[in-house]
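Data block below; observations after.
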Amino acid sequence: MQNNEQMTIFDRITPEPLPARLRPKTMDEIVGQKHLLGEGKVLRRIIEQDAVSSMIFWGPPGVGKTTLANVIANHTKANFINFSAVTSGIKEIKTVMKQADDNRRFGVKTIVFVDEIHRFNKAQQDAFLPFVEKGSIILIGATTENPSFEVNGALLSRCKVFVLKALDEEAIMELLHRAVESPQGFGDQKIDISDDVLSLIAHFANGDARTALSTLEMAILNGDQEGDLTTVTADTVEQCTARKSLLYDKTGEEHYNLISALHKSMRNSDPDAAVYWLARMLEAGEDPLYVARRVTRFASEDVGLADPRALEIAVAAYQACHFIGMPECTVHLTEAVIYLSLAPKSNAMETAYLSARKDALDQLAEPVPLHIRNGVTKLMREIGYGKGYQYAHDTEEKITDMRCLPDSLLGKEYYRPTEQGLESRFKERLQKIKDWKRAQEEKN
């Protein structure tokens, strides 16, 4: 009796970490990933029909890759073996594969889960291949890196790749509420924590469920105690995360204020201000990929053909952020932000699209002229599809005077290039084309 009592006290003093206590055991307990696990979705059907084959889960940290593998193992009643790319060598792999082979003879499935499969070298990955091919194991790999580059082609071709998404703040909030209310979390304690404070934790987690739960646990353990009531405030969260909660309020207004400040500083060709606002966002915990996406939009919206390289640099910065993440990717974003700040500016492409969009919406039923339709069948050709089409490559000038707009829009001009940067060359070229076409019309 004494030993049992001692264990009970020990368990109470050192419980499992919150993420482990709340790890889902069924598909319905998993938060997020509705595109894969929603009713009727492909992965859910595969699991429910017990038709699981080897697969790779690709996604950012803390989105449920390991959890999903465990749920699959529970549902399929399979023997579950967890491999770590850091500690497992070829000898360990072959030992486990032999055990899986033996299990198969007795009708027992074996799921081998390989976390961070991208860290396995080619020889280690090759050691799995024959056992995957003959069905001794169901291999489930998890990776934060693009498997096209990090997993051997032979192994990858035998695995279905499922892309897991970072959890949105709504999903994280659902998870945090569950943690506060569930008996597996803090449901047996009196916790005073507002939705505003939970929202701060959700934002800080940046789509990572594990980070969200660990931060919540730390905040509760460091909350203000008064009797049996624990109060968690924004100040508590700030101390636990080393982030100033005031940077992002509950409505997200400051989030949009900062990205607006970055955008307008670049538009005004002020690299110092742009780098400052960039630093403000990143150091407040903003997702670098969000910033990179906005920078990519800016490259075409505000620079455009005044400097076509701007888009290349912005996309390269996004890819660099995806490859290495924070904090290393700060230099890539800084490079892009400074380049875009100093680049010549033109919004001619955006104004062209907005003008064309208005006409497109107003005239959705405007028919495509017959001569630029594809006459892919005999009937289509008989009724005039493609009749009168002029193939530009057959001409000396590589252009024709063929009209491509609907009759109601003939003569309409959407793209009006500026004199900024390289766009002046596009303007000159466009003018020559228009002059040539006008001369052809006068001849006819």
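Any idea which of (1) more than 30 Å from LYS134 (Cβ to Cβ); (2) surrounded by 18 or more Cβ atoms within 10 Å (Cβ to Cβ); (3) modelled with pLDDT of 85 or more; (4) over 23 Å from the mean Cα position of the chain (by Cα) is the one ASN222 doesn't satisfy?
(2)
Could you grab me the full set of residues in region 165-211 that are at pLDDT 85 or above and of a type in the set (Phe, Trp, Tyr)?
Once the filter is applied, which keeps residues that are at pLDDT 85 or above and of a type in the set (Phe, Trp, Tyr), region 165-211 yields only PHE186.
With the structure loaded, tell me whether LYS94 is charged (D, E, K, R), buried (at least 16 other Cβ atoms within 10 Å of the Cβ) and on the phi < 0 side of the Ramachandran plot or whether it fails that test.
Considered against the rule, which asks whether it is charged (D, E, K, R), buried (at least 16 other Cβ atoms within 10 Å of the Cβ) and on the phi < 0 side of the Ramachandran plot, LYS94 comes out as no.
Conditions first: (1) open to solvent by 20 Å² or more (accessible area, probe 1.4 Å); (2) in a strand (DSSP E or B). THR230 passes all but one, so which condition is the exception?
(1)
Conditions tested, residue by residue: (1) under 30 Å from LEU213 (Cβ atoms); (2) assigned to a helix (DSSP H, G or I); (3) free of Cβ contacts under 8 Å to residues at least 24 places away in the same chain; (4) among the hydrophobic types (A, V, I, L, M, F, W, C).
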{"site": "PRO61", "(1), (2), (3), (4)": "yes, no, no, no"}
{"site": "ALA69", "(1), (2), (3), (4)": "yes, yes, no, yes"}
{"site": "ASN103", "(1), (2), (3), (4)": "no, yes, no, no"}
{"site": "VAL112", "(1), (2), (3), (4)": "yes, no, no, yes"}
{"site": "HIS118", "(1), (2), (3), (4)": "yes, yes, no, no"}
{"site": "ALA127", "(1), (2), (3), (4)": "no, yes, no, yes"}
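Going by the structure shown, is LYS358 at pLDDT 90 or above, under 30 Å from PHE298 (Cα atoms) and open to solvent by 50 Å² or more (accessible area, probe 1.4 Å)?
So LYS358 fits the description; yes.
If you take the residues of region 153-207 that are outside any loop (DSSP other than H, G, I, E, B) and among the aromatic types (Phe, Trp, Tyr), which of them is surrounded by the fewest Cβ atoms within 10 Å (Cβ to Cβ)?
Taking the candidates together, the pick is PHE162.
Tell me, which helices (runs of 4 or more DSSP H) wholly within region 248-342 include 1 or more residues that are under 27 Å from LEU198 (Cβ atoms) and not aliphatic (A, V, I, L, M)?
Counting at least 1 such residues, we get 253-267, 271-283, 288-298.
The values are calculated or read from the model by the stated rules, or taken from the named source; none is laboratory data. Because the structure is predicted, anything quoted here is derived from the model rather than measured. Cβ sites come from the backbone with ideal geometry, for glycine too, and all protein chains shown count toward neighbours. Each accessible area value is taken on the protein alone, full model and side chains, heavy atoms only, with ligands, DNA and RNA left out. Shrake-Rupley method; radii C 1.70, N 1.55, O 1.52, S 1.80 Å.
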